1. Within segment 443-452, is there a residue that is of a type outside the set (Val, Ile, Thr) and within 15 Å of the ligand (Cβ to nearest atom)?
2. Report yes if some residue within segment 324-337 is more than 16 Å from the ligand (Cβ to nearest atom), modelled with pLDDT of 95 or more and closer than 16 Å to Gly421 by Cβ; otherwise report no.
3. For segment 336-345, name all the residues that are more than 27 Å from Val312 (Cβ to Cβ) and open to solvent by 20 Å² or more (accessible area, probe 1.4 Å).
4. Which pairs have Cβ atoms under 6 Å, sit 6 or more apart or on different chains, and link a residue in segment 382-396 that is under 13 Å from Thr361 (Cα atoms) to one that is near the ligand (Cβ under 6 Å from one of its atoms) and of a type in the set (A, V, I, L, M, F, W, C)?
5. Which one of these does His112 not meet: (1) open to solvent by less than 70 Å² (accessible area, probe 1.4 Å); (2) within 26 Å of the chain's Cα centre (by Cα)?
6. Does at least one position in segment 417-432 carry a residue that is open to solvent by 40 Å² or more (accessible area, probe 1.4 Å), away from the ligand (no atom under 12 Å from the Cβ) and at pLDDT 95 or above?
7. May I ask you to list pairs of residues, at least six apart or on different chains, whose Cβ atoms are under 6 Å apart, with the first in segment 246-267 being open to solvent by 50 Å² or more (accessible area, probe 1.4 Å) and the second being not in a loop (DSSP other than H, G, I, E, B)?
8. Taking segment 162-177 as the region of interest, how many residues are farther than 19 Å from Thr266 by Cβ and either of a type in the set (S, T, N, Q) or surrounded by 24 or more Cβ atoms within 10 Å (Cβ to Cβ) (or both)?
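The values are calculated or read from the model by the stated rules, or taken from the named source; none is laboratory data. From a predicted model like this one, the values you see are computed outputs, not experimental measurements. A quick note on method: Cβ atoms are made from the backbone with ideal geometry, for glycine too, and the neighbour counts reach across all protein chains shown. Each accessible area value is taken on the protein alone, full model and side chains, heavy atoms only, with ligands, DNA and RNA left out. Shrake-Rupley method; radii C 1.70, N 1.55, O 1.52, S 1.80 Å.
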Amino acid sequence: MSAHNSPMEKHPIPEAIARDAHVNADQYKAMYEASVNDPEGFWREQGAALKWSKPFTKVKNTTFAHPDVSIKWFEDGEMNVCENCVDRHLDTRGDQVAIIWEPDSPTEASKHITYSELHREVSKLANVYKTLGVEKGDRVVLYMPMIPEAAYAMLACARIGAVHSIVFGGFSPDALAARVKSCDAKLLVTADQAPRGGKATPLKVNADAAMEVCGDVQTLVVERTGADVGLKEGRDHSYAALMAQASEDCPAVAVNAEDPLFILYTSGSTGQPKGVVHSSAGYLVYAALTHKYVFDYKDDDIFWCTADVGWVTGHSYIVYGPLANGATTLMFEGVPTYPDASRFWQVCDEHKVTQFYTAPTAIRALMGLGDEFVTKCDLSSLRILGTVGEPINPEAWNWYNEIVGKDKCPIVDTWWQTETGGHLMTPLPGAIETKPGSCTLPFFGVQPVILDPQTGEEITTTEAEGVLCIKDSWPAQMRTVYGDHDRFVSTYFSDYKGYYFTGDGCRRDADGYYWITGRVDDVINVSGHRMGTAEVESALVAHEKVAESAVVGYPHDIKGQGIYAYVTLMSGEEPSEELRKELSDWVRKEIGPIAKPDLIQWAPGLPKTRSGKIMRRILRKIAEDDFGALGDTSTLADPSVVDDLIENRMNRG
Ligand code: 6R9
């Protein structure tokens, strides 16, 4: 093993990458300068790379001014996202593989879908949608396994101007029902079952249960495992049956650049998840550009992003970015540890993957299981490694770099959000030297600023620490919260007027490199998945035995953060191990497995101010086992509750 760099030292760019990458350091600087000094000119040129039915004449029309926030890019242009991701490539790449699909079980055959086949399947499915009455602007909810049909289902929406809203297959029936209802979906596309790690999630059974709550919605059911799930007459339709009759001829409809492409629900610090709305053209321009430069994508590469299409990473970097670039994108149905911990590396070996993009939580889980799982595979095809979703700790970074990348693959640590549509800060492989744990520098057109959280003033010194905001718009920025523009304005633009507020804390070092320090709001990051503490709390208090609860994050070796719940029971209820399990299972049922509390502490009382506000700062410190640093507790209504909580804390070293 080579000597580890200290976090402050830059990790040099491997020679072969420096030589051949799309941009080097000087080119990055020049392009970045151009992109922020003349955004109109820069994005006009990037926008022109798409195929337009009606070319745009206006490039940027955006304001962050509170309360009149408005974001429009290429606003008078017309185009179609599906046409740009599929049809546009037919002449030159019809026989090239668009999607490599790797199933959950390695004994099942993988599939290779060419651009011509993709065109045919998507056109047929779009016609199926039409026969089911889906029209431009209608919402279609997808609750899908990681199968090619999930990509077809997304692209078929885009083809006819319908708006998809994907609900992660791990979400519960209740969570699915809430999302179907909230966007008033015309159609639900699901599958019989979703195989994952040798088990099968009963998607159709869950969908049936969801419709008990939200009412019946027309449902198209993909036959993934062939399990007998039963189709309800007049409501449920067989995918295979309708596809067998569908015509392959379905012209793509031109939509306005600003028409919504998709809604994706994500957790915030308050209330229920909000529907993040993304545009068509601006989103696609940015997803494609970041995919090309951040992963240094070139023809003949095999690009693999391990995310699920239920998260934004799957939208931008399994489907839209890669396909817009005419790439070959790999889609994996399974999990990193099934049938054993070498699965990722076997897939890289088998399909000769060139770019591999995953989450730190997966790396941490795998590094603990031994290097042989990696070293027995031939990973010589790998050129670029990437991470996303949470800060990566230097140990995991070093393992990824040395054991997986053999010290010759740059690691792009990409910082971004559901709201941003694509990467905002990240190294570019041939241009920006890395530091383990830093997302380094902004992408083209992105102007990060660090504000003093108290005064809201911009800190202009190179070295700075505070809250991270963005000064001006980029094309893939979310446009609104579905059905609630005021919530959009108040969530992102009212705490720090004139800026987009990310919700993240951040440090800038002496080299101008950015280091994300984590959320500054009540959002926790569990295995790279965002969870609002308020959501878990409201699930807990919905249980008849729970009077009150407060949920915070605490450091977790594998997940990054774990969920720590303080629960006050209704009077007369007795704490017990059974009840603890019952509450965990309850949250799992209400929201989904990712929201299940790791630790539940019985709290006879919660620390509150005299005005009744729960002092989360204190609860966080106790959960972190850092109760020596509780800070000022004098404003508490009853300081003695803190002693009880410390005495009975769950997270002892
Ligand atoms: C793409 C995605 C967004 C939040 C974000 C931040 C955290 C994402 C990160 C990172 C440090 C990185 N985050 N990438 N933190 N380094 N490279 O993950 O979107 O699910 O909306 O989460 O995730 O806290 O604000 P999303």
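1. For segment 443-452, residues of a type outside the set (Val, Ile, Thr) and within 15 Å of the ligand (Cβ to nearest atom): present.
2. Looking for residues that are more than 16 Å from the ligand (Cβ to nearest atom), modelled with pLDDT of 95 or more and closer than 16 Å to Gly421 by Cβ, one finds at least one in segment 324-337, hence yes.
3. If the condition is that a residue be more than 27 Å from Val312 (Cβ to Cβ) and open to solvent by 20 Å² or more (accessible area, probe 1.4 Å), then Pro339, Asp340 are the ones that fit.
4. Pro391/Ile516
5. Single failed check for His112: (1).
6. no
7. Ser247/Asn127; Glu248/Arg120; Glu248/Ser123; Glu248/Lys124; Val253/Ile160; Pro260/Val163; Pro260/Val277
8. Taking segment 162-177 and keeping what is farther than 19 Å from Thr266 by Cβ, we get 162, 173.
Retained after the next criterion (residues that are either of a type in the set (S, T, N, Q) or surrounded by 24 or more Cβ atoms within 10 Å (Cβ to Cβ) (or both)): 162.
Number satisfying all stated conditions: 1.
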